[in-house]
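First the structure, in the form of structure tokens, and then the observations on it.
The values are calculated or read from the model by the stated rules, or taken from the named source; none is laboratory data. All values reported here derive from a predicted model rather than from experimental measurement. Reconstructed Cβ throughout: ideal geometry from the backbone, glycine too, with neighbour counts over all protein chains shown. Remember, those area values only see protein heavy atoms, side chains included, never the ligands or the DNA or RNA. Shrake-Rupley method; radii C 1.70, N 1.55, O 1.52, S 1.80 Å.
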Amino acid sequence: MISPSGAGGAFLRRQQMSSQGLTAGAQVLLGHLVLVPLAGIAAALASPAGMDAISDVFTGRIARNMLWVPLTNTFLIGFVVALACLLLGGFLAWLVTMTDMPLRGPIGVLAALPFMIPTFAVALSWTVLFGDDRLGQSSMGFFAQLGFDVPSWLAWGGVPVTIVLIAHLYSIAYLMIVAALVLVGRDLTAAAEIAGAPRSQILRNIVFPVVTPTLIAAGALCFAEAVSSFSAPAILGLPVRFHTLATRAYGAIETGSPERGFVLIAVMILVAGAFLALSALAQRRGQAFTTVTGKAGHRGRTSLGVWGWPLALTATTVVVLTTIVPALALVFSSLSAQTGALFADPTLHFWIGQSDPGIAQGQAGILRNPQLVLAFWTTLAIGLMTGIAAMLCGLIVGTAISKERYPLRRSLLEQVSFLPLLIPGLAIGAAFISFYGAPIGPLPSLYGTPTILVIAGVAATLPFAVQAVATAREQVARELEESARIAGASQVRILGAITIPLTASKLIAGFVLVFVKMVRDLDLVILLYTPQLPLLTVLAFRYASDGFAQFAHAIAAVILVISVAAHLLASGLGRNAQPWLKDQ
Amino acid sequence: MTKTIVLSDVTKTYGDQTALAGINLTVEEGAFCVLLGPSGCGKSTLLRLISGLEPPGHGDIQLNGETVADPANGVWVQPGKRHLGMVFQSYALWPHKTARENIDWPLRIAGLRFDDRAKRVTEVADILNLGPYLDRYPSALSGGQQQRVAIARAIAPRPRLLLFDEPLSNLDAQLRVEMRAELLNLHQKTGATIVYVTHDQMEAMTMATQIVVLNDGRIEQDDDAQTVISRPQTAFVAKFVGNPPGNLITLGQTADRWAMADLSGLAGKLSADDHAFQAMVRPEKVRLHADAGPRRRAFRVIEQLPFGAEHLVRLDGDTGRMTALGPVLPCVRNGATVYAELPELPDAIFDDQGERIA
């Protein structure tokens, strides 16, 4: 045992104490960021008003419109989106990694992009192309302007919501399945080929079992993302009173019956969370496979023969329709006098125009509009602050996790820090309103302050920050710091010369990811923002619902560019910012 | 001779797991001491205690006559102040520094002037043939080159003690043989004391002046290479060390064990009650015959391997498995039955605790 008076003991005690301090700090952070707000929702539900709301929502006169129809819609969307994403993402992943399809390089790159394009931007681009005159002449889309009779079900409601979500989410499934297929080492399939198995059987008996856990995880993730999405149904569903749980909850909270909203939020958390938890289980069981990673050496590719070019064209169409087309639609719309009349009457009014009573009720172009300029800077500031705060919290929590020696406490810290992944952004917003919206003791209400946005942003992005810190720490094997200690370097010097240079790029990548998630987010901030604190995404959403389509599209185009650029920067930083890895 | 390392009653526990229990060890100056044992035996932990990367739970450690760790009296010297170099299994080269910077950095920490540093880097680079690679990053070096850089980095500040933690286990067989020769060469050139952890007994036998066999957190034997092979102190050492390792034969009176009468010279040494004891017989002392006879037992040949000019024969029988080493015999064919004859006296006898008694 350690002698209490010993210096070696003192050294060890110091380490233990600092690790206890870290753990305590992490617990406080996680408590306030994750658990307390959720407890706020639970408390609101447990109150008399909450109990009334529960019975209203589940059994009352409004139950059908409030809960059951939106719930059915939500489930339908979730299932169709998950299934379609798996098929589309899996198909593309197979083409890109396992076949000799022409153009697979550029197609592979493009297929990763939709994930970086915010859903609300895709939804807005849908209205540019397929909008009808339901919201007035100004909302007529490209095809309607050309004289096509766009059916209402294609313009608004469940069908476009589903398509837009698929267009955004299939690339998540694609990225996950590609990663899994790369793990199906060439050796695995080669061994089966040598055993004389035909290709179909190799696919069925070797490839599928190995990627099945990933398929389940990808399906569950797409499902959860689809059911928690607020922006797509809000933009494409609300105009025709097509509701999902998210839009109903938003409506209830906005119209002054927050308890009913919280009931729906709770249902959402359960639905999304249950599926993600199931997938976590499935993955854990599948973990045994991932250790069987052959070195991905020379990969034998399935020859597609005459099907090569037709499949390449199909795949190209899919990725172009979900990346370049929405972006161009938004840009062209913002440059046209009339939405949808994309090439008819080009104008820069919506970008730099002076206020003109004849156009858009005198609104100036977005670069001249003080409200928008304010929103631009506010959004950037909130994004930066959230990024910094989230990475600081991620450092504390991530370091606490890696230093915590008791497995039970470590896994608890881990689980709680990843909990926000299971909670829809709208729900996190609602949770923060319910808890930090009212004064707490001597502290004033945080509602309407930038602080609540930053704190909520930190809570929502904490899993990514913690993950970034964890990957960064993996970068530095224990021996790298130990060999510096043996050389006689001080702790500060080790930090400056070894630890920070080796982790910086990963930490910055994590920061950029958090930043962009905040900049492009609508679901989380829609309940938290106030007019004094305008945010780009919220303004775009407001403009779109008020019929100022081109302004919305111009803003969406700006956010889209920021988002894709930042994502590319983050993944570039994660991969390439280490020159010492390049000169092989 | 001065003693470079003295460990007295050193103990280390992790939670309720004992990694090292009451280690007493002395390493003379200039020795090449190999810590040998199966994985998990505590040999790496012992090295980390000597280096100062971890404090002992109990007991004291002296390096070059100075106490560097003694929890009972509050003595603790940081690893950087112990004047030693360490080479890690993973090499632990700083990936963002070139080979030159890797070797140079510890010298900078030590406060050497620029000229002296540059001179010393060139010197050690010459010793290890690193000249052409000095400006490459570790990722652009082969495993063997990385290994050399790690060694160069460790010896550059001229430490009096060098610690190696399984340094060759990531190299291929050919390189391992080359590096062994280079390490011996290095040992002679620098005159430093070396403590070297490995589970590979070939490494241990070819390089060590002192072999410390560890098992389960305890020292089983501490001797020179020849003695460890010829006079193992415990049943574990007998079974673990030697190429091929010794045969351990459980003695007994019943038919399923070797009767003590078979080793006729044992009669005076053991009583009839000592049937749980084990005798060690080296494979080269087991003689194989085509026919049955006194003190011979039947075995089936499982496999035979060429071993130098002789054959190593693995046998299976009622009394367990056995290995024999001897000239090639016509009667020895896979699956055939042969008769093994033991010498009158075994090479060693171990009691039921595994301790050598004869």
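Taking max minus min of the alpha-carbon positions on each principal axis, segment B:30-118 gives extents of 42, 32, 27 Å, largest first. Here is the interface size for B with A: some 2800 Å² of accessible area buried, both sides summed, with a 1.4 Å probe. Annotation: cysteines of the protein assembly as shown without a disulfide-compatible partner (Cβ-Cβ under 4.7 angstrom) are A:Cys393, B:Cys33, B:Cys41, B:Cys331.
Applying Stokes-Einstein at 37 °C and 0.692 mPa s to the Kirkwood radius of segment A:519-563, computed over alpha-carbon pairs, gives a translational diffusion coefficient of 312 µm² s⁻¹. For an R0 of 35 angstrom, estimate the FRET efficiency from the Cβ-Cβ distance between B:Gln17 and A:Leu35 and round to the nearest 0.05. E(calc), rounded to 0.05, equals 0.55. Of all the options B:Pro306, B:Pro56, B:Pro138, the one that moves most in a Gaussian network model of chain B with Cα springs shorter than 10 angstrom is B:Pro306. With all protein chains kept in place, the per residue accessible area of the protein assembly as shown amounts to 44 square angstrom at a probe of 1.4 angstrom. Only protein atoms count toward the accessible area here, which uses a 1.4 Å probe; on chain B, the carbon and sulfur part of that area reaches 47 percent. For segment B:39-179, the fraction of C-alpha pairs farther apart than 25 angstrom is 33 percent. Each of B:His289, B:His58 has its accessible area taken with a 1.4 Å probe; listed largest first, they run B:His58, B:His289. Comparing mean-square fluctuations of B:Arg113, B:Arg282, B:Arg48 from a GNM of chain B with C-alpha springs under 10 Å, the top value falls on B:Arg113. If you wrap the Cα atoms of segment B:102-238 in a convex hull and average its projected area over all directions, you get 9.5 nm².
At a temperature of 25 °C and a viscosity of 0.890 mPa s, determine how fast segment A:203-283 diffuses translationally according to Stokes-Einstein, using the Kirkwood radius over alpha-carbon pairs as Rh; express D in µm²/s, rounded to the nearest whole number. It diffuses with D of about 173 µm²/s by this estimate. In the context of the full protein assembly, A:Met385 retains an accessible surface of approximately 90 Å², using a probe radius of 1.4 Å and ignoring ligands and nucleic acids.
For chain B, the Cα gyration tensor yields ellipsoid semi-axes of 46, 25, 15 Å (square root of five times each eigenvalue, largest first, whole Å). Here the protein assembly as shown is treated as a Stokes sphere of Kirkwood radius computed over C-alpha pairs; at 20 °C and 1.002 mPa s its diffusion coefficient rounds to 64 µm²/s.
Scaled against the 2.2 N^0.38 Å expected of a compact globular protein of N residues, the Cα radius of gyration of segment A:439-584 reads 1.40. Checked against a 21 Å cut-off, the cross-linked pairs B:Lys3/B:Lys81; A:Lys403/A:Lys517; A:Lys403/A:Lys506; B:Lys3/B:Lys239; A:Lys506/B:Lys97; B:Lys43/B:Lys285 give Cα-Cα distances beyond that limit for A:Lys403/A:Lys517; B:Lys3/B:Lys239; B:Lys43/B:Lys285.
Length gained on full extension, B:Ala336 to B:Lys81: 85.4 nm, using 0.36 nm per residue less the C-alpha separation. If R0 equals 30 Å, the separation of the Cβ atoms of B:Leu345 and B:Asp200 corresponds to a calculated FRET efficiency of about 0.45.
Screening chain B for whole DSSP H helices of 15 Å or more along their axis (Cα) with average Kyte-Doolittle hydropathy at least -1.0 returns B:99-109, B:114-127, B:143-155, B:173-190.
A cut-off of 5 Å between modelled amide H atoms, ignoring neighbours fewer than 5 places along the same chain, links B:His58 with B:Thr11.
Could you tell me the relative contact order of chain A? Use alpha-carbon pairs under 8 Å, at least six residues apart, and round to a whole percent. Answer for chain A is 20 percent. The stretch between A:Gln532 and A:Arg478 holds 14.6 nm of extra length on full extension. This uses 0.36 nm per residue minus the Cα-Cα distance. Calculated FRET efficiency, A:Leu384 to B:Asp216, Cβ-Cβ distance, R0 = 56 Å: about 0.50 to the nearest 0.05. Working from label points 7 Å from Cα in the Cα-to-Cβ sense, the B:Ala309 to A:Ser411 distance is 6.1 nm. Between the alpha-carbon centers of segment A:366-440 and segment A:462-541, tell me the distance in whole angstrom. Segment A:366-440 and segment A:462-541 have Cα centres separated by 12 Å.
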